[in-house]
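Below is one structure, written out as structure tokens; the observations come after it.
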Amino acid sequence: MEPPKTVQQIADFLRRLPSVGTKSSLRLAYACLALPREDLEAFCSALERALTTIHTCPECGLLIDGDSCPICSDSTRDGSTLMVVTSAKDVLAIENSDSFRGRYFVLSGTLSPAAHRTLESTGINRLLAKVQAGGIREVICCTGADLEGETTALYIASALKETGVEVTRPAEGLPSGAVLEYADPVTLGRAIKGRTKIEEE
Ligand SMILES: [Zn+2]
């Protein structure tokens, strides 16, 4: 027997989320519908509000839901140090490690010609233009320790070579790319504090 069409539709949406399979999507759909009506209404209106209020900060790429970005508008932060990450989630992990008081630049993923992620689509071109415009002393490439993350960091370092801006990366010991959010704050903080200059081979 098939589930009601609307339930199936909800399950189909849920299945697009990370770590949700076909069976669990249906289980979650039924679990949502079993919630008290006022909870469901609150959930729906939060999603609806998100559609109109959540946007990316044009300066750093962070997801924000108001007019001003809490990072870019904070004048106590050091605007001359720019941390480059490949996902807005990484900013949360780094902020929770309490080890960085500069600004961020969120790329849309790592450079990967095979996955059609280019200098333009990842935002690397915008990053380079921003740094070349001046006012930045150090760029920290927190782009992940896997091959694509390394390639991205090396590309940025070589593109900025002539500018005299220091390009660094966190010390070793961090999980690669997408799992930065699972790094414990102490390890993450230590890796950021112990960052090293990217030397070209
Ligand atoms: Zn911002």
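General remarks:
- Residue-wise HN-Hα coupling along the stretch 101-115, computed from phi with Karplus coefficients 6.51, -1.76, 1.60 (Hz; x: Gly, Pro): 10, x, 10, 10, 9, 9, 8, 8, x, 8, 5, 7, x, 4, 9
- Burial order of peptide ranges 56-64, 145-153, 32-40 (average beta-carbon count within 10 Å, highest first): 145-153, 56-64, 32-40
- Antiparallel %, DSSP beta bridges [both residues in the chain], to 5: 30
- Calculated FRET efficiency for the pair ALA50/GLN9, C-beta based, R₀ 30 Å, to 0.05: 0.95
- Within the chain, helix-based [θ] at 222 nm, where runs of 4 or more DSSP H residues each add -39,500 (n - 2.57), nearest 500: -12500 deg cm²/dmol
- Taking the stretch 1-33 and a reference point 7 angstrom along Cα→Cβ of ALA42, the backbone N atoms nearer than 18 Å belong to 31-33.
- Amide H contacts of MET83: ARG103, TYR104, PHE105, ILE140, each under 5 Å away and 5 or more positions distant or on a separate chain (H built 1.01 Å from N in the peptide plane; Pro and chain starts excluded).
- Against the chain, whose longest principal axis comes from its Cα atoms, helix 147-159 is set at around 40 degrees.
- Alpha carbon Rg of the chain, scaled by the compact-globule rule 2.2 N^0.38 Å: 1.21
- Proximal aspartates and glutamates to LYS197, defined as alpha-carbon separation beneath 20 angstrom and excluding residues fewer than eight positions away on the same chain: ASP78, GLU138, ASP146, GLU148, GLU150, GLU162, GLU166, GLU172
- Only Cα pairs under 8 Å and 6+ residues apart enter the sum, and on that basis the relative contact order of the chain stands at 16 percent.
Coordinate-derived values only; no laboratory data. Every value quoted in this text rests on a predicted model; they were computed, and no experiment measured them. Every residue, glycine as well, gets a Cβ built from its backbone with ideal geometry; the counts of neighbours run over all protein chains shown.
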